[in-house]
Amino acid sequence: MADIIQLLPDHVANQIAAGEVVQRPASVAKELLENAIDADAKTIKLIVKDAGKTLIQVIDNGKGMTATDARLSFERHATSKIRSAQDLFSLNTKGFRGEALASIAAIAHVELKTKQEQDELGTLIEIEGSEIKNQEVTVTPTGTSLCVKHLFFNIPARRNFLKSNNVELRHIVDEFHRVALAHPDIEFLMYHNGSESFNLPKSNYRQRVVNIFGNKRNEKLVPVEEETEVLKISGFVGKPEFAKRTRTEQFFFVNNRFIKSPYLNHSINSAFEGLMKEGSHPTYFLNLTVDPKSIDINIHPTKTEIKFDDEHTLYAILRSAVKHSLGQFNIAPVLDFDRDRNLDTPYNFENKRASTPTVEVDRSFNPFQAEKIESRSNRLSSSYKKEPTSQWESLYVGLESKGTKTENDFSEVQFESQPETPSLFDDDKQLETKQTTYQLHNKYIISTIKSGMMILDQHRAHQRVLYEGFLKHLTVKEAVSQQLLFPLRLEFSSTEMEILQNLKEDLEHTGFVFSVFKDIIIEITGVPINVPESEVSIILEQLISDVEQEVPDSNFSATDLLAKSMSKSLAIKTGQSISRLEQEHLVNSLFACKEPTVSPTNKVTFITMSVDDFDKKFI
Ligand code: ADP
Ligand code: MG
């Protein structure tokens, strides 16, 4: 077979945000397992000694490498998986950065043995701290074996940072579970210190879940299947009565890639609402398939976070699919999601005679009378207010001047901002002053400016607005907090608790008020002004996951991380429709920012196009 690896052009390499690939032994295990999957292996073995501190080895029976490829594979940005930046938008492989092997070889002793099927002999390469110590022809089975010893041998600080064997092994097992769950069609084996920890034969998905988590799991799984234009869902949720106290058995895979998404997790929680005991968490193993073009995997170096084009819609579909399954399998008492409870027949009324219903008619209603329409619409919007209100409120997060809006104000505003049909005789001038913004595909806000037009990315722009607001509060150390009527209790694992405790002071400066209620339960009595209560768990989970993914010894600022994380959780999502008034407010708030041009993660927030640009296009 011909050599297939080639160097990526520099600009593509730069485009792929470089990041620290290896944080701990588990990151090595993950990268090697993923390479084996990308090599189409049918059987993959993971061998670990002393929680990976002494040895991490992955042996696969995949396609192997030629001698030249074997050598090239250790070069930075050397990959066979993408060739242009465009390919980033249609990824089908796990890897694509071409930096895992290079990074690992720079900080460990690595031994690679690889052979392709048609070759008689394979290649052996030994590298220590990026230095090639040996390369020779060797006898080895078809496939690849990569053996990583003495991780961080040349970075003592990193080595000392490693946690106990128990903790590091836990991380490796977690990675192993994630990869194995995403690929039930591949056989996986894992050994630790010479004994077999997992033996997972090729199987269907249910069997894979059972093989990993134990036989008792089988009867507790409820299948979830849904297929829509934008999203295909398949997998299982655990029956509510078996919900766990911890969040360890929650798995989302997007296009076979494990991801963490506090936002989507929230949609599952809301589907289980009312079915579980307080403080317990649903278990789920869900595979989501979306068009690769609609996601961006490249936003995080360790790639467990991805960005969806239309997260808002995914949230809704996921929630109703899970609800539907729970209903169908007779787990949820109510089949119809939004059924009016008043229509249920209470049992002791069953044999009563029906009385003639009275019909209420609003006799004063005149559809042609503008004022009446307004009050009806107000009523409507107050009964369906929940979501629009929270969106609206979140627009104001961090902007105290408007922070004291009451619910009534919101519904009024909502009505005003509903599109009015302009009379035919309205003159143009008047229209112009009325509408200066327009929302495109629930994603961009288009606004007219003097020189032409401006197009804002609503999610990024809002992140910037929120970020600066939070940063201000955090540095001035005074935030407005809104007290909760009923304290909110949330449960976390002990490592998560540690993270929260470390950030407690900073969190308080954003407006959170909380105390430890019992070992691993915190009680929240106050939240930042206009942060809806329903979003609190998303914010904290996102924050914990952001801290966990932070490179351990880089001196990151907790304040900045907190502001970034919270603005990410609370910003209007792409896919979310917002009223014209909200649009205008967003535009104005963005330009009141110190750095309106980029999002907190340095992505462009808006572009402009001048009338000249248009003129040129119309030649
Ligand atoms: P990436 O996976 O992002 O391409 P890596 O540094 O992990 O980057 O690997 C570099 C290249 O080495 C891969 O593109 C692939 O061609 C080759 N490679 C790595 N591991 C294996 C393996 N187990 N089997 C076959 N080829 C491999
Ligand atoms: Mg790789």
**Prompt:** Residues with amide H under 5 Å of Gln439's amide H, sequence separation 5 or more or different chain, H placed in the peptide plane at 1.01 Å from N; which?
**Reply:** Ile446
**Prompt:** What is region 213-328's relative contact order, in percent, from Cα pairs under 8 angstrom and six or more apart in sequence?
**Reply:** 31 percent
**Message:** Output wanted: per-residue J couplings in Hz (rounded whole) for region 184-190, from phi through Karplus 6.51 cos²θ - 1.76 cosθ + 1.60, θ = phi - 60°, x for Gly and Pro.
**Reply:** x, 7, 10, 7, 10, 10, 9
**Request:** For Gln250, enumerate residues with amide H under 5 Å from its amide H, sequence gap 5+ or separate chain, H modeled in the peptide plane.
**Result:** Tyr284
**Message:** Give me Thr114, Thr574, Thr246 sorted ascending by neighbouring Cβ count inside 10 Å, so fewest comes first.
**Reply:** Thr246, Thr574, Thr114
**Request:** Between beta-carbons, use under 10 Å as the cut-off and find the net charge around Leu264, counting Lys and Arg +1, Asp and Glu -1.
**Result:** +1
**Request:** For region 114-119, take each phi angle, set θ = phi - 60°, evaluate the Karplus expression 6.51 cos²θ - 1.76 cosθ + 1.60, and give the result in whole Hz per residue in order, putting x for glycine and proline.
**Result:** 8, 8, 8, 4, 6, 8
**Item:** Positive-end residue, region 156-233 charge dipole about Cα centroid, Cβ charges, pick of Ser197, Asn165, Ile212
**Value:** Asn165
**Asked** Which pairs in the list Lys472/Lys504; Lys450/Lys568; Lys163/Lys504; Lys232/Lys323; Lys42/Lys216; Lys323/Lys518 are over 21 Å apart, alpha-carbon to alpha-carbon?
**Response** Lys450/Lys568; Lys163/Lys504; Lys42/Lys216; Lys323/Lys518
**Prompt:** Convex hull over the alpha-carbon atoms of region 213-328: what's its volume per residue in Å³?
**Reply:** 104 Å³
**Request:** Return the long-range amide H neighbours of Ile306 (sequence gap of 5 or more, or a different chain), with a cut-off of under 5 Å between placed amide H atoms.
**Result:** Lys260
**Message:** Net charge within 12 Å of Glu241 by Cβ-Cβ distance, Lys/Arg positive one each and Asp/Glu negative one each, not counting Glu241 itself?
**Reply:** +3
**Asked** Counting Lys and Arg as +1 and Asp and Glu as -1, what is the net charge of the other residues whose Cβ lies under 11 Å from the Cβ of Ala67?
**Response** -2
**Message:** Is there a quick way to get the dipole size of region 213-328? I mean about its Cα centre, with the Cβ of Lys and Arg at +1 and of Asp and Glu at -1; what is the value in debye to the nearest 20?
**Reply:** 600 debye
**Item:** ³J(HN,Hα), Karplus 6.51/-1.76/1.60, whole Hz, each residue of region 272-282, x for Gly, Pro
**Value:** 8, 3, x, 9, 10, 5, 4, x, 9, 10, x
**Request:** Would you calculate the separation in nanometres between label points at Glu595 and Asp50, each defined as 7 Å from the Cα along the Cα-to-beta-carbon direction?
**Result:** 4.3 nm
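Coordinate-derived values only; no laboratory data. Everything quoted here is computed from the prediction, not taken from an experiment. Reconstructed Cβ throughout: ideal geometry from the backbone, glycine too, with neighbour counts over all protein chains shown.
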